[in-house]
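Participant: One structure is given below, represented as structure tokens, and several questions about it will come after.
The values are calculated or read from the model by the stated rules, or taken from the named source; none is laboratory data. It should be emphasised that the depicted structure is a prediction, and the values quoted were computed from it without experimental measurement. Cβ coordinates were reconstructed from backbone atoms using ideal geometry, including for glycine residues, and neighbour counts include every protein chain displayed. Please note that ligands, DNA and RNA were not included when accessible areas were found on the heavy atoms of the full protein model with its side chains. Shrake-Rupley method; radii C 1.70, N 1.55, O 1.52, S 1.80 Å.
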Amino acid sequence: MRIDIITCLPRLLDSFFAHSILQRAQQGGFVEVVVHDLRDYSVDKHRRVDDYAFGGGAGMVMSIEPIARCIRTLQADRTYDEIIYVTPDGERFEQRTANRLSLLQNLIILCGHYKGVDERVRELFITKEISVGDYVLSGGELPAALISDAIIRLLPGVLNDETSALTDSFQDDLLAPPVYTRPADFEGHPVPEILLSGHEANISEWRFEKALERTRQRRPDLLNH
């Protein structure tokens, strides 16, 4: 898989992709993440990528021309399955969305900034709009990193245990059950005996019941899917 991220603040993403699972995924050849500085595609001598909004109003708007130039340059080299724009009014990002995107080969993620992008960008280039929640951030870099993380960890071979991602919260519309590690007893607070029993069928049933119980308590809306 290849993920191209378009941003006017590329340094914000440097550290995120340089550590832990995301770093190993790139080093192992499971994914290629390329961050593009939108200012490199500006023809303005000051490398500007924004301008005032027609009709007035507060805030600046990302211009269509550098974005179009960047996307078309990328499209000249490969076909993209989705061109994603991260925006508060997009489709809410959920695990099932990450699952679908992880099956694709080439993605572009456009990071918004200021008051957003010229609407013609959305009309002419964007194939999918995604929101990471009902709140507004200073830019799309954190959402782009979040979406990439959720996708990349699902790619075969990225996690040491291939079944780990399948037992995460939301994969089956349930929250994950409680988990424990050593010591078996901490200051009089023991691990549930069933987890020490070695009986896999009973442990699996316990985990399912606990996942169901936790979901009923914390996210009952998931059970209505």
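Participant: Going through region 60-76 one residue at a time, which ones are open to solvent by 20 Å² or more (accessible area, probe 1.4 Å) and not in a strand (DSSP E or B)?
Facilitator: S63, I64, E65, R69, R72, T73, Q75, A76
Participant: Name the residues in region 8-59 that are among the aliphatic types (A, V, I, L, M), farther than 13 Å from A145 by Cα and open to solvent by 80 Å² or more (accessible area, probe 1.4 Å), would you?
Facilitator: Of everything in region 8-59, those that are among the aliphatic types (A, V, I, L, M), farther than 13 Å from A145 by Cα and open to solvent by 80 Å² or more (accessible area, probe 1.4 Å) turn out to be V43, A58.
Participant: Only residues in region 67-95 that are farther than 17 Å from G140 by Cβ count as the first member; pair them with residues that are among the basic types (K, R), Cβ under 8 angstrom, at least 6 apart or cross-chain, and list the lot.
Facilitator: Final answer for the pair search is R78/R2.
Participant: Okay, next question. Condition first: open to solvent by less than 80 Å² (accessible area, probe 1.4 Å), part of a helix (DSSP H, G or I) and in contact (Cβ under 8 Å) with a residue 12 or more places away in the chain. Now tell me which residues in region 190-211 satisfy that.
Facilitator: Passing the criteria: I194, L195, W206, K210, A211.
Participant: Does P156 satisfy the criteria of being open to solvent by 20 Å² or more (accessible area, probe 1.4 Å), under 18 Å from the mean Cα position of the chain (by Cα) and under 26 Å from D221 (Cβ atoms)?
Facilitator: No: the conditions fail for P156.
Participant: Let me ask something else. Might you check whether a residue that is modelled with pLDDT of 95 or more, in contact with a helix residue (DSSP H, G or I) (Cβ under 6 Å, 6 or more places away or on another chain) and closer than 21 Å to I3 by Cβ occurs anywhere in region 127-139?
Facilitator: Yes, the conditions are met somewhere in region 127-139.
Participant: Additional query: Cβ-Cβ below 8 Å, separation at least six or inter-chain, first residue in region 174-189 and without any contact (Cβ under 8 Å) to a residue 24 or more places away in the chain, second open to solvent by 100 Å² or more (accessible area, probe 1.4 Å): which pairs?
Facilitator: Correct list of pairs: A184/L196.
Participant: Follow-up question, since we're still on this one. Just checking, how many residues over region 77-128 are part of a loop (DSSP other than H, G, I, E, B) and open to solvent by 80 Å² or more (accessible area, probe 1.4 Å)?
Facilitator: Counting residues in region 77-128 that are part of a loop (DSSP other than H, G, I, E, B) and open to solvent by 80 Å² or more (accessible area, probe 1.4 Å) gives 7.
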